[in-house]
Every structure is written in structure tokens, then in C-alpha cells.
Amino acid sequence: MEYKLLWLDQHEPGKLCQVTSSRRGFVMDSDDHLYVIDFAKGGENGEGAAKDWTPDIDVVLSSGEGKVLDKRVMRNNETGGWRAFFKLDVPATTNLLEIMMELKDGTKVISERWMYQWRR
């Protein structure tokens, strides 16, 4: 078997912020789920932006009911990259939830797409 992968110029893998780790847990005194995803600094990391610039976070839920309660990004001073956080409220009736998250500079994607399949 043989295959070839191609990217558009704006999505070259070497230029995007890469996912280095992800963690999942629960918010204290709550049933809400907490996700923390670390990204390494990429070549397209808000170039030309102000020093205190942070990217936007885009979280998309599919294949089930759920609600994003909080989402934010902060600079990770230990790695020089970014740390993204978001919380989810998942109803008891939901058994499967597909989650997709990526960092953006306005409408331009600057990170790999992180995907996770949550199952009850």
C-alpha cells in the first residue's frame, strides 16, 4: 500500500502549533468536565501581533449533546507555547460526544486539530 499526503500552503504541518499533551478531569464541586491541551509554539504563532496577544480557541461538539461552559488560552511560560482550557457540561442522556478543538488567529487556523471521542 502506498499513499501521499498533501497540504495547502496555509496548513503546512511544520508551521502549525503542535499538540504536545492533553489532560481531562473534573471541575471541583461539579460534574463538569475539564480539558487542558498544551501546544508547542508554531511558525504561525501570531506573527506581527502585540506581545500580549493570545490566540482564539474554537471548540466544536458533535454526535451528542453538550455545552461548552468556558474556554480560554494562555501562554505557557514553561514551553513557550500555548495552553488551552475548556469545560463541558454533558447531560446524563449523552453517551457519545465528539470534540474538536483548534487555535485560531481570527479566522486563520494556527494549530493542529485536537480531536477526542468522549464515551460514557
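Quick note: the coordinates plus some simple rules give every number you see, no bench work behind them. Since this is a predicted model, take the numbers as computed values, not measurements. Here Cβ is always computed from backbone atoms with ideal geometry, including for glycine, and neighbour counts include all displayed protein chains.
Treating the stretch 12-119 as a set of equal point scatterers at the Cα positions, no solvent, please give the Debye-formula log₁₀ I(q)/I(0) at q = 0.14, 0.18, 0.22 Å⁻¹.
Here the Debye-derived log intensity ratios amount to -0.55, -0.86, -1.18.
Treating only the Cβ atoms of Lys and Arg (+1) and Asp and Glu (-1) as charged, compute the dipole magnitude of the stretch 12-119 about its Cα centre; round to the nearest 20 debye.
That gives a dipole near 160 debye.
Between R72 and A92, what is 0.36 nm times their sequence separation minus the Cα-Cα distance? Round to one decimal in nm.
4.7 nm
I need the peptides 101-114, 69-82 ranked by packing, meaning the mean over residues of other C-beta atoms within 10 angstrom, with the highest value on top. Walk me through the numbers before you get to the answer.
Details: 101-114: 18.1, 69-82: 14.2.
Highest to lowest by the protection proxy: 101-114, 69-82.
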